[in-house]
Ligand code: AMP
Ligand code: MG
């Protein structure tokens with residue numbers, strides 16, 4: 001398949017991409033979280049193309065992207081709490097799961113009776129959805145199992161030749177996928193996937209925030225979100241997250257050969273080796289979120305490493321999202337190093 005590359009100049013430059021969506025094709029487009037691979041959410045054939053292009057199992061549902069949260073009632077059964085949250089955080093990096101209306105095809109929701117709704121804030125995503133005139137079902141625009149794409153080059157690497165069009169929109173602002181929440185009948189907000197809309201922000205809207213155990217622990221059981229059971233973000237060499245103080249971590253890493261490292265800026269002077277990548281300052285979770293997937297992809301391209309080690313990130317704010325993605329990339333492999341003193 002010949003993939004059309006679209007460079008954004010003005011709204012009119014997106015019309016070919018909008019036409020592809022209306023005609024049942026699929027388009028990769030930038031959002032403020034990661035790039036998405038979109039198709040018409042009313043068209044089961046478009047959903048099928050998305051699953052095929054990604055190599056994604058078809059029981060892992062897609063998120064439906066809208067231009068305006070006030071239209072949500074057309075697609076799902078809304079609640080007062082939905083609108084409170086939507087007013088606060090939409091457009092933005094939040095996906096809310098609601099009971100779906102019947103004309104959202106089962107192929108989009110992986111057979112579930114719920115649908116995840118999101119209103120992206122990225123100007124290109126907003127204009128594209130508006131021009132298309134249909135809700136846009138989209139997962140991340142990566143090959144299944146690979147880190148989500150946070151740069152145009154990542155999408156080209158994974159999907160050039162597999163999709164109808166790719167829109168170049170530079171680098172993603174947040175770099176981790178949207179926060180996903182489900183609203184329970186008793187007012188509880190259940191966090192299924194952490195992101196840039198943090199627990200701290202959500203707790204202004206409910207006294208009961210429940211973090212799904214799969215966010216921090218290896219999942220085995222019946223998945224609430226089908227995505228939970230699949231391997232994610234996995235680099236080609238096995239990855240282990242290191243828990244320990246600076247001295248313990250430096251001594252451990254400097255005793256290893258043929259390893260890749262993901263660390264913080266402050267660690268760089270203390271770690272020897274050629275394949276050491278920093279995802280940002282230790283205290284700066286926002287930068288770490290932005291850079292993590294790029295670090296994982298860079299390490300994928302490196303020859304001559306057998307294993308990858310990453311430092312343990314902070315777990316508060318958007319740091320919880322960094323922690324969650326790193327653990328998933330590591331298949332929840334964590335090694336705790338004893339303190340040196
Ligand atoms: P992606 O952002 O590419 O990882 O894909 C969308 C994510 O949203 C997947 O992890 C899905 O499992 C999750 N998701 C989408 N719709 C639902 C839903 N109705 N219930 C639970 N999770 C969902
Ligand atoms: Mg994904």
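The values are calculated or read from the model by the stated rules, or taken from the named source; none is laboratory data. Everything numeric in this text was worked out from a predicted model, so none of it was measured. All Cβ positions, glycine included, derive from the backbone under ideal geometry; neighbour counts span all protein chains shown.
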Per the filter on the stretch 107-123, residues assigned to a loop (DSSP other than H, G, I, E, B), more than 16 Å from ligand 2 (Cβ to nearest atom) and more than 9 Å from residue 61 (Cα to Cα) are 113, 119, 121, 122
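For the stretch 94-104, check the following and say yes or no: at least one residue is in a loop (DSSP other than H, G, I, E, B) and within 27 Å of residue 173 (Cβ to Cβ).
No.
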Look through the stretch 137-156, keep the residues that are touching a helix residue (DSSP H, G or I) at 6+ places or on another chain (Cβ under 7 Å) and farther than 14 Å from residue 234 by Cβ, and return whichever of them is surrounded by the fewest Cβ atoms within 10 Å (Cβ to Cβ). 151
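Picking from 301, 267, which residue would you name as being modelled with pLDDT under 95 and more than 16 Å from ligand 2 (Cβ to nearest atom)?
On the way: 267 fails: modelled with pLDDT under 95.
Just one listed residue meets the conditions, 301.
Among the residues in the stretch 129-136, are any within 16 Å of ligand 2 (Cβ to nearest atom), part of a strand (DSSP E or B) and buried (at least 22 other Cβ atoms within 10 Å of the Cβ)?
Yes, some residue in the stretch 129-136 is within 16 Å of ligand 2 (Cβ to nearest atom), part of a strand (DSSP E or B) and buried (at least 22 other Cβ atoms within 10 Å of the Cβ).
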Could you list all residues from the stretch 173-203 that are more than 15 Å from ligand 1 (Cβ to nearest atom) and under 20 Å from residue 119 (Cα atoms)? 173, 198, 199, 201, 202
One residue is enough: does the stretch 30-48 have a residue meeting the conditions assigned to a helix (DSSP H, G or I) and either under 16 Å from residue 118 (Cα atoms) or in contact with a strand residue (DSSP E or B) (Cβ under 7 Å, 6 or more places away or on another chain) (or both)? yes
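Quick check on this structure: which one of 297, 341, 325 is touching a residue at least 24 places away in the same chain (Cβ under 8 Å) and in a loop (DSSP other than H, G, I, E, B)?
Answer to the selection: 341.
Out of 163, 134, report the one residue that is away from ligand 1 (no atom under 16 Å from the Cβ), at pLDDT 95 or above and touching a strand residue (DSSP E or B) at 6+ places or on another chain (Cβ under 9 Å). Show your work before the answer.
Working: 163 fails: away from ligand 1 (no atom under 16 Å from the Cβ).
Among 163, 134, only 134 is away from ligand 1 (no atom under 16 Å from the Cβ), at pLDDT 95 or above and touching a strand residue (DSSP E or B) at 6+ places or on another chain (Cβ under 9 Å).
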